[in-house]
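The values are calculated or read from the model by the stated rules, or taken from the named source; none is laboratory data. These numbers come from a predicted model, not from an experiment. Heads up, the Cβs are rebuilt from the backbone with ideal geometry, glycines too, and the neighbour counts pull from every protein chain shown.
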Amino acid sequence: MKKILLTVLIGLGFNAAFAQWGPPGGGGGMGRPGGGSENGRPGANTQKPATLDLEANVPKGNSKISGNVVDDAVTTAVEFANIALINIETKKPVDGTMADEKGFFSMKKVAAGTYNIQVSFIGFDTKIIEKVVVEKGKDVELGVIKLKQSTKQLDELVVSGQAAMIEEKVDRLVYNAEKDLSAKGGDASDILKNVPMLSVDLEGNVSLRGSENIRVLINNKPSTIVASSIADALKMIPADIIKSVEVITSPSAKYDAEGSAGIINIITKKSSLQGLNLNIDSGVGLRGSNLGLNGNFRKGKLGITLGGFGRAFYNKSAGETSQLLKSTGVSTEQNQDGNHFGMFGRYNIGLDYELAKNQSLSGTLAFGIRSFDRDQVLNSSSFLNGSLLNSSIRDISSIDRSNSMDANIDYIRTFKPGQEWSVSTQFSQNKLVNNFDSDLLSISNEILSRQKNINDNLNTEITLQSDYVSPIGKKQQIEFGAKGVFRTVESDFEYLLANPTGNFSSDARNPSGYLNYSQNVMAAYASYLFTTKKKFNFKVGARYEYTEITADDSRGAIEIPAYSNLVPSFNVSKSIKATTYKLGYNRRIQRPGLQQLNPNVNLVNPLSISYGNSSLNPELTDNVEFSISKSIKKSYLTVSLFARQSNNSITRVSFASDSIPGAIVTTFENIGKEQTLGTNVFGNVILSSNWTLNGGVDMYYRYLEGFQTGLTGLSEKVSNDGIILSGRLMSNLKLKKGWAMQAGGGMRGNNINLQGRQGGMGMYSLGVRKDFGKKASLGLAAENFFGGMIMRNSTDTPVIFQKSVNYMYNSNIKATFSYKIGNMRFVADKKKVKNDDVKSGGEEN
């Protein structure tokens, strides 16, 4: 990539001027002037590139030339395009610049005269705009400059284009999801299955390097539905609107300290274009269907976006569970069959307005809905010494529904390229209903009794945030800011009983209750970025957070003392020829989430009971990682080593019920210690000009240590450890006449829990797409088409032994369709609030 860009720029006469710059997103060779935290140079977050003089004796003026470079389809920007100001008489460049990632460029201090403008980039035909007249003191706006894709492509060109699927930056890995054909018509969890370092189980729970203690952001912003359940939030995001996924394993001080293993930032496709357009994406499959509409309008200083995305899925489930209470010798066998149906949707409207050339105001309002209904029949039998004690049949209908709302207003003022001050506000609210109705049946299917559980929850967050970033010279950058997050959780629940024909009344054995939980987090941070003469890029910072909690439930006040944390971070990178070395350290905090705090006792399955723990404390984690990334001819390889230790780790634990014979209770506890040591290897190989192959292997050792109840009823120290192995492989093939194919697969071995193991899983997919010009496409994708899967889990303690087998009916074939209407041109984009904070309720791995 570096050699290609360097050759092009030398051909333009830029070699002397650009010799000091590195590749976009890299730490050392050529890149955007004034780059910032993402590439190791100050000013990466600025939206306008700095200009660069080519010759010291070139006359200077007070005019400016600017424009936007897009491809000939006028749908995507040509990132980092080269712009040269050509003297008509000498035919030589006298000034020049490079467009930013939005295609925008600006040349300042241009002297009066008549010039030719040359615009070029790899893979596109060079365009010459002739006889551009610049008058003294007057700016020239070239508007949209369309580049036509070159029909003659070199091997080197394809390498740079294909390698862009995976990008390495100073503190993160970027997976460009737009090229993932197999996920068309799916949701965000389908995309994340192919992202290096991530694993997604069949329920949609995501883990990073073996840990589910992560934060998931959407466009750098949180949502209360993510705080409630990451798996559910991912189902609300259609795969077709995802542009990229950022895996931030070593977050800087600017990010909230939450997320022990790191942060996953999902970037959706945004249109900040001038004009009007409408995108339609839809898909129909055996297990799910989706429909998305996205409209954008921009004229002058005003931009409006409207979006609506919906997804429905339908499936069946089956499983078997056996458990033994070692203290009593009672064993239980249970099997279940069921059907479930879900609908997810998200709708948004956004406005942004340019108050002045250096000031902007933007706001968004987003609504989300989620509905997950399940009907299942449980058949249970209990035995003692081989003799039947009792048996039961339960017909259960459960609903899990929510609606969420996120509203934010952001103000940004730019003083000069790379220097920016912003103020951001956000209000988020998520209402959840988690109810079930259960009928106890006789062998002849007559109703013997009825049971009902009603659980309403409300999660609210208010965020105030201010950030300032500024370059110091050419090789330094400083940023600092403050933030306040004011969070409340309210949960009310009750249990009702009834005979076959009577009305429901309160259950004396399970009284109603509530939880009121208030958490205020105040934070301040400072971060410093600098580049040495030998091209070492350092980013160091610290974040201070003070957390205050008040809580009470039906038993009375819950005493949770306030606490404060100083969270340091350190990242360094160095590029030597085609190899980049990175070293990072950070400390993270994991606060409990809504599902982990909710004291409502889930009695859907009376032999497998679960509830939250409102007295949970946060966990603290230290992370260290080292990675090497290297380009080898047509291939790209990255290897990373990491170590992680968590104290007070929040983990699921199980024990025998005191009140229900044969039942096992699961809740969350702060266990003593969790340690992980592992490696990730990822490679991308160009097999031919149209065929790529990429894949990776993750291997890590996990050790957990904590306390659990023994046979004597006293707490005793236990530990568990093991090696976990996972991997993935994906291939992309571009054919003639607009055809493209993708095939891939992955697996994850057995995972280690404190009290047992979680079964491994695998998946495979095949996708094909046909593009009709630049506007429309049809596709067909299939997943696990040779049959479903089986997952086996086990729990083994001094008191209980449990093993389960779940049959996953996840074979799917889906047809996809997309169509684009409209004609637009690129302008600059806006930002901002990021809460990377509360731990989700996903199962610990």
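Of the candidates Ile86, Ile129, the single residue that is within 26 Å of Lys299 (Cα to Cα), in a strand (DSSP E or B) and modelled with pLDDT of 80 or more is Ile129. Search the range 436-487 for residues being closer than 21 Å to Tyr255 by Cβ and acidic (Asp, Glu), and hand back the single one that is nearest to the chain's Cα centre (by Cα). Selected residue: Glu461.
Given the criterion touching a helix residue (DSSP H, G or I) at 6+ places or on another chain (Cβ under 9 Å) and either not hydroxyl-bearing (Ser, Thr, Tyr) or not in a strand (DSSP E or B) (or both), identify the matching residue among Glu494, Glu461. Just one listed residue meets the conditions, Glu461.
Residues in the range 526-541: is at least one among the basic types (Lys, Arg) and crowded, with 16+ Cβ neighbours inside 10 Å? For the range 526-541, residues among the basic types (Lys, Arg) and crowded, with 16+ Cβ neighbours inside 10 Å: present. Sort out which residues of the range 595-645 are in a strand (DSSP E or B) and within 30 Å of Val433 (Cα to Cα), and write them in order of number. Within the range 595-645, Asn602, Ser608, Ile609, Ser610, Glu619 meet the criteria. Within the range 622-664, the set of residues being among the basic types (Lys, Arg) and surrounded by fewer than 22 Cβ atoms within 10 Å (Cβ to Cβ) comprises Lys630, Lys633, Lys634, Arg652.
Among the residues in the range 671-686, are any touching a Gly at 6+ places or on another chain (Cβ under 8 Å), surrounded by fewer than 16 Cβ atoms within 10 Å (Cβ to Cβ) and either of a type in the set (D, E, K, R) or within 30 Å of Ser615 (Cβ to Cβ) (or both)? Yes, there is a match, as at least one residue in the range 671-686 is touching a Gly at 6+ places or on another chain (Cβ under 8 Å), surrounded by fewer than 16 Cβ atoms within 10 Å (Cβ to Cβ) and either of a type in the set (D, E, K, R) or within 30 Å of Ser615 (Cβ to Cβ) (or both). Only residues that are out of contact with any Gly (no Cβ under 9 Å at 6 or more places or on another chain) and within 30 Å of Thr795 (Cβ to Cβ) were counted in the range 286-318, giving 1. Scanning the range 710-717 finds one or more residues that are closer than 30 Å to Glu674 by Cβ and touching a Lys or Arg at 6+ places or on another chain (Cβ under 9 Å). For the range 441-457, the criterion of being closer than 30 Å to Asp256 by Cα, in contact (Cβ under 8 Å) with a residue 24 or more places away in the chain, surrounded by fewer than 15 Cβ atoms within 10 Å (Cβ to Cβ) and not charged (D, E, K, R) is met by none of the residues. The single residue among Gly745, Gly722 that is touching a residue at least 24 places away in the same chain (Cβ under 8 Å) and either in a loop (DSSP other than H, G, I, E, B) or of a type in the set (Gly, Ala, Ser) (or both) turns out to be Gly722. Only one of the numbered conditions (1) under 25 Å from the mean Cα position of the chain (by Cα); (2) not assigned by TED's automatic domain parsing to the domain that holds Asn812 is violated by Leu325, and that is (1). As an exercise: evaluate Ser518 against (1) outside any loop (DSSP other than H, G, I, E, B); (2) surrounded by fewer than 16 Cβ atoms within 10 Å (Cβ to Cβ); (3) touching a residue at least 40 places away in the same chain (Cβ under 8 Å) and give the number of the one condition it does not meet. For Ser518, the failing item is (3).
Can you name every residue in the range 283-300 that is modelled with pLDDT of 70 or more and either surrounded by 19 or more Cβ atoms within 10 Å (Cβ to Cβ) or under 30 Å from Leu566 (Cβ atoms) (or both)? Across the range 283-300, the qualifying residues are Gly283, Gly285, Gly288, Asn290, Gly292, Asn294, Asn296. Put simply, of Ser610, Ser657, Ser614, Ser635 the only residue that is in contact with a strand residue (DSSP E or B) (Cβ under 7 Å, 6 or more places away or on another chain) and farther than 30 Å from Ser804 by Cβ is Ser635. Checking each residue of the range 352-372 against the condition of being part of a loop (DSSP other than H, G, I, E, B), in contact (Cβ under 8 Å) with a residue 24 or more places away in the chain and outside the structural domain of Thr795 (by TED's automatic domain parsing) gives at least one match.
The residues on offer are Gly695, Gly683, Gly678, and the sole one that is out of contact with any Ser or Thr (no Cβ under 8 Å at 6 or more places or on another chain), at pLDDT below 85 and closer than 22 Å to Gly749 by Cβ is Gly695. Filtered by the rule that a residue be surrounded by fewer than 23 Cβ atoms within 10 Å (Cβ to Cβ) and modelled with pLDDT under 85, the range 98-107 gives Glu101, Lys102. Of all the criteria given as (1) at pLDDT 90 or above; (2) hydroxyl-bearing (Ser, Thr, Tyr); (3) more than 26 Å from the chain's Cα centre (by Cα), the one not satisfied by Ser640 is (3). Of the helices (runs of 4 or more DSSP H) lying entirely inside the range 168-261, those carrying at least 2 residues that are at pLDDT 75 or above are 188-192.
Just one of the listed residues (Asn793, Asn845, Asn812, Asn835) is surrounded by 17 or more Cβ atoms within 10 Å (Cβ to Cβ), at pLDDT 85 or above and farther than 17 Å from Asp281 by Cβ, and it is Asn793.
Quick one: which of Asn277, Asn335, Asn339 is assigned to a strand (DSSP E or B), touching a Phe, Trp or Tyr at 6+ places or on another chain (Cβ under 9 Å) and modelled with pLDDT of 80 or more? Selected residue: Asn339, the only one of Asn277, Asn335, Asn339 that is assigned to a strand (DSSP E or B), touching a Phe, Trp or Tyr at 6+ places or on another chain (Cβ under 9 Å) and modelled with pLDDT of 80 or more.
Scanning the range 116-125 for residues that are crowded, with 16+ Cβ neighbours inside 10 Å and either modelled with pLDDT under 90 or within 17 Å of Asn68 (Cβ to Cβ) (or both) turns up Ile117, Gln118, Val119, Ser120, Phe121, Ile122, Gly123, Phe124.
Applying the selection to the range 338-390, what residues are among the basic types (Lys, Arg) and more than 26 Å from the chain's Cα centre (by Cα)? Within the range 338-390, Lys357, Arg374 qualify.
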